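Right, one structure below, let's go through it.
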Protein chains: 4
Amino acid sequence: MSLFKSRNRPPQEDSNDLGFGSKLNAPGERLLNQDGSFNVLRTGRWTWTPYQSIVEMPWSSFLMLMLGFYVLANFVFAILFYLIGPDQFNGVGEDSEMIKFADLFFFSAQTLTTVGYGHISPRGFWASALASMEALLGVMIFALATGLLFARFSRPKSRILFSKNALISPYHEGYAFMFRIANLRNNSIINLEAKVTMAWLEESHGKYTRKFFALPLAREKVNLFPLNWTIVHPIDENSPLYGKTNEALEKMQPEFVILISGYDETFAQNVHSKSSYTYKDLICNGKFKPMYYEEDGHTVLQLDRIDEVEVLAAENVALPK
Amino acid sequence: MSLFKSRNRPPQEDSNDLGFGSKLNAPGERLLNQDGSFNVLRTGRWTWTPYQSIVEMPWSSFLMLMLGFYVLANFVFAILFYLIGPDQFNGVGEDSEMIKFADLFFFSAQTLTTVGYGHISPRGFWASALASMEALLGVMIFALATGLLFARFSRPKSRILFSKNALISPYHEGYAFMFRIANLRNNSIINLEAKVTMAWLEESHGKYTRKFFALPLAREKVNLFPLNWTIVHPIDENSPLYGKTNEALEKMQPEFVILISGYDETFAQNVHSKSSYTYKDLICNGKFKPMYYEEDGHTVLQLDRIDEVEVLAAENVALPK
Amino acid sequence: MSLFKSRNRPPQEDSNDLGFGSKLNAPGERLLNQDGSFNVLRTGRWTWTPYQSIVEMPWSSFLMLMLGFYVLANFVFAILFYLIGPDQFNGVGEDSEMIKFADLFFFSAQTLTTVGYGHISPRGFWASALASMEALLGVMIFALATGLLFARFSRPKSRILFSKNALISPYHEGYAFMFRIANLRNNSIINLEAKVTMAWLEESHGKYTRKFFALPLAREKVNLFPLNWTIVHPIDENSPLYGKTNEALEKMQPEFVILISGYDETFAQNVHSKSSYTYKDLICNGKFKPMYYEEDGHTVLQLDRIDEVEVLAAENVALPK
Amino acid sequence: MSLFKSRNRPPQEDSNDLGFGSKLNAPGERLLNQDGSFNVLRTGRWTWTPYQSIVEMPWSSFLMLMLGFYVLANFVFAILFYLIGPDQFNGVGEDSEMIKFADLFFFSAQTLTTVGYGHISPRGFWASALASMEALLGVMIFALATGLLFARFSRPKSRILFSKNALISPYHEGYAFMFRIANLRNNSIINLEAKVTMAWLEESHGKYTRKFFALPLAREKVNLFPLNWTIVHPIDENSPLYGKTNEALEKMQPEFVILISGYDETFAQNVHSKSSYTYKDLICNGKFKPMYYEEDGHTVLQLDRIDEVEVLAAENVALPK
């Protein structure tokens, strides 16, 4: 007797959902935060991964961590040196125990950073041996600390500016969903690709399901990115936006998840950028104002004008906000 | 006269085997260890490749290697300094030879790490020259050591959690082989791809041959990986699992080799993950319990529940274990 | 009532323009500067991104920045040390205030670079504490500075030489646009790809529009790049160059934008190279002279001959310059 | 009147030649040296590119360069310090000028490496200022030197072993050209791809032309590479090897250029490997002996047996050597 029943064709899962799944999230919540991170908490397992966690923590935490570690390490070594005996060190005088301890603390700092002024120096065997170990440890630890510092500083980030709003505007003979991005830097990103997925809620018998649709774009790729790029999804009958009234749109609670990727010449690596527009970020019947002009044989790109939208006469169209 | 005979079409080799080849391994052995490494030993040639070997050795070995090298290098330099003569150094006193040697040993450590307290310092020409060389050597060697330390620390690793078991469960109108993975970290991997290959033994006249089959998946790729992902192979007539009884399955000794790859945003690099499930890791007629819920507008992902399986009523199906 | 009107097929934007857009630039201006950078200025937003800006600034600016920062940091710490009191330091003598300040300035430099001679050393608590902090800061800052220095030095750059001129020459039974490139280094780039886009102006009713056309190449890729490679666009009826007289060409103000990419084995990374030829760089009816010959079983590539062009008898053809 | 003549279809250049071109090299010379580098010399232009040149030079040259630079830099600074005056330094005694100069030389070394013992230390303003500059310079220069050292050490190299000989052997019902490769390391390379191009000479009227042909392989890719891989080109009527006698083969002077690429998990990067077999490396009617066996549930791969070939009875076939 056969264990597994048959089926004629393996059913393909819908790949439009980008990996979010259809059951996720109550109405009104976003999938992606505005900064591109997921709207998800993780529990139940220790997910501390030293490298990634330190590289991704805020700068203030990182600096506090470095400083805290430095003070703590010196404190521990000062205790060890003190246990060996302050008299085992040249330059630690006949002062109070407090001052002796402070001297050993600063001696530790001078050893850990390999400054080694030498006005305090180890005399006895164990003092010298421990100081040697601390110097080794210092070199290794500062290698990690400075490597992490540099990794944070040089981490590939795309410098792409997104327009604050997305528009639904006349385009050719129909309408289109569009937003624009600009390259913050000159001479930077090549082979830029955009992918836009619309997520929305569909009610059936009082239960909400999240639907996904990869919006076809008028252009999905540019080879060079010298100025701004308006990314356009023309709304045709296949589009989930097709024929929707303003009320219908509000009910759908659409979220437009944007993935941008390209090769950054400075980092010599691919960089990725995520963002999302929700219903509240939509402007209907608007038009982006031009953001560059010619001057002295150069093109001048005005990055501060990326959000400027001219609202067209709303003939027969209800603006969604 | 012609040297090489003809053939009508170049026969294509079966590429399902991933590169393992069909003759490999006696019954019951795995191709891949649970940690994703190959079940292979290499002999007959010196395969020490300094960078890779040091980067891949366990942390304990690495730290012992660093420490051992440090002590050895100081020992060698102490001998050379001693041969030049302890009297060629300021601060090496009229003590026993043992203490003089210890002083030179610690002087070497202070030079190698560039601490250079200076309470011991070279006086004569050869002492100074050798100390200069040691300082140069120290800078170079610690550059290697700390570079290796950081390379180990920052080595791109995917942080993907695999469910302990793989399931064979009802799926649509048929059955499917499935397992699930979760992203241990928030905001990390994009464009994740999965590839699952089944390897099994086929007996013919008492001789075992290993067969391979790339299992078609209901979905091979997700763009974003915010939560968990259940990877599903629907069992249809083309599947080597189709119509197999529990006894047949046990005889086949199936091994499911999993390759996962994706782009990690923290490392800004592609990361790869390998794993494998054997017959013993299979659960029949089970169903993964949900591992996330909604709370305060967030999705909470419970990573410790990834292994939780609800065993369904085994109507008419023999569980393989 | 429906909000968005329909359209039968989403109109695809022309992707020949590489991302430059059709409205850009007045006649006679170039899109790409000769060094491959965009002819664009950015305004209106602070686009300082520390890593990229420092990595891309000229070497002279970089060295001045390093030196300036070093002097400034020492000056600031010297002031702080002076405020704590010169008498808190061993080795700062009974000199003029000026000399005391200079001593503290140099002490700061010795601390920041972790040289730490020790002829000046901190005595009091606050002097020692501040010196410890400076040593920590010094290690961190020099990690950034040296990391940036090395990042600049090791930044992947393709070493591709472009011929000074592009030619329009007889090719098979017709004509072709061609230029040549050479690999400056032995054993370097593999899987080299070329992409050539022609941009030109078209006048209609006194208004200029920029047109773009991706020129089909006789060969778009080489696997190995041992010598030079002549990149050829055969001019057929689909080419915007087809049937143009010299005067027509001059009016079109063509610019040929070149993108080259390949994998550099030394950097173990993909490298990219951009360049552009304008109308002024065109030579009509020329022919590149061979730039290599055989000697002692080697091929000798003469890189200085890359620009050498033999002008053919201009039968019936007006040269565009 | 039209400038450029027409052609119906742009003729595609043959892309089988990998980029070598058809005119290259006299009979008997190889295109690729055995180590995978090109058999090409470059002249006529200064092709020194600091990073690549230093990373690719032999280790002995690199170490001499470092040492030479260190000695030279110290020599230059010693001269500058000497010009400022030995009396501007503490610890430079009333010795001969020679000894004073040596003291300043070693002081420079102690400053450059930031050891800074302090038994010699700058006293005057200019001495202190120059020493500060040298310390800054030392930190920067050693950053470059150690970065280069580590870049050399950690440079991604594939560790692939090629069999010494390539074989032409019976395969299915015909013959095949084959060679084998092995992975020197455990757990290393994935998605390995092979590309084999045959280059040979064809005489016509006493003039030799080099022809190229990309050999179709029975398998072009393996996903995992746990053991060895025999790369097979089955010889059918389209193959340039088809029906060739031994004498014909010798006249053709075939060279088989091999490109291997794959993703190395340790380096987390793609690695590439080039090699070539010439006529002299061919063995006819041989068969590779197996190079692994089973033991204790492991597969043991004997890397030293990669070259072992069993020569079959040469029935009716002239061996080409």
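Per-structure values
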item: Amide hydrogen neighbours beyond the local backbone of D:Leu167, cut-off 5 Å, H modeled; result: D:Met178, D:Phe179, D:Ile283
item: Distances in nm from C:Arg123 to the matching label points in the other copies, shortest first (labels 7 Å along Cα to Cβ); result: 2.0, 2.0, 2.8
item: ³J(HN,Hα), Karplus 6.51/-1.76/1.60, whole Hz, each residue of the stretch B:140-154, x for Gly, Pro; result: 5, 5, 5, 4, 5, 4, 6, x, 5, 4, 6, 4, 5, 5, 9
item: Hydrodynamic radius (Kirkwood) for the stretch B:160-311, which is based on Cα pairs only, to one decimal in Å; result: 16.6 Å
item: Set of aspartates and glutamates near D:Lys244 by C-alpha distance (under 12 Å), chain-local residues within fewer than 8 positions excluded; result: D:Asp236
item: Signed unit charges on C-beta, dipole axis of the stretch D:160-311, positive-most listed residue D:Tyr171, D:Ala182, D:Val257; result: D:Val257
item: Restricting the stretch A:37-134 to GluC sites (Glu not before Pro) in coil, as DSSP defines it, with at most 10 other Cβ within 10 Å; result: A:Glu94
item: Of all chain A residues, the one whose C-beta is nearest the axis that brings A onto C, in angstrom; result: A:Gly118, 3
item: Out-of-range pairs (alpha-carbon distance over 30 Å; input C:Lys195/D:Lys274; A:Lys164/B:Lys289; A:Lys211/C:Lys211; A:Lys221/A:Lys251; C:Lys164/C:Lys221); result: A:Lys164/B:Lys289; A:Lys211/C:Lys211; A:Lys221/A:Lys251
item: Full-extension gain in nm, D:Glu193 to D:Trp126, via 0.36 nm per residue minus C-alpha separation; result: 17.9 nm
item: The stretch D:57-153 shape via C-alpha gyration tensor axes, a/c threshold 1.5; result: prolate
item: Cβ-placed point charges (K, R +1; D, E -1), dipole of the stretch B:52-153 about Cα centre in debye, nearest 20; result: 300 debye
item: For B:Val232, residues with placed amide H under 5 Å, excluding near neighbours; result: B:Ala218, B:Arg219
item: Residues whose placed amide H lies under 5 Å from that of C:Ala268, excluding near-sequence neighbours; result: none
item: Beta bridge orientation in the stretch B:160-311: antiparallel %, DSSP, nearest 5; result: 95 percent
item: The stretch D:164-247: trypsin sites (Lys or Arg not before Pro) in DSSP loop, at most 12 other beta carbons within 10 Å; result: none
item: Unit charges at the beta carbon, dipole of the stretch B:52-153: most positive-side option, B:Phe81, B:Phe69, B:Pro122; result: B:Phe69
item: Nearest-first distances (nm) between copies at D:Arg219, label 7 Å from Cα via Cβ; result: 3.2, 3.2, 4.5
item: Relative contact order of the stretch D:160-311, defined on C-alpha pairs under 8 angstrom at six or more residues apart (%); result: 28 percent
item: Separation in nanometres of the label points that stand 7 Å from Cα toward Cβ, at A:Asp87 and B:Val300; result: 6.1 nm
item: Under Karplus coefficients 6.51, -1.76 and 1.60, residue-wise ³J(HN,Hα) of the stretch D:52-57 in Hz, glycine/proline x; result: 4, 4, 6, 5, 9, 5
item: Label 7 Å beyond Cα on the Cβ vector: C:Lys251 copy-to-copy distances, nm; result: 5.9, 5.9, 8.3
item: In Hz, Karplus ³J(HN,Hα) per residue of the stretch D:118-126 (6.51, -1.76, 1.60; θ = phi - 60°; x = Gly, Pro); result: x, 5, 10, 8, x, 10, x, 5, 5
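Since every read-out is calculated from the coordinates, none of them should be taken as a lab result. The shown structure was predicted, so the numbers you read here are calculated from the model rather than taken from an experiment. Cβ coordinates were reconstructed from backbone atoms using ideal geometry, including for glycine residues, and neighbour counts include every protein chain displayed.
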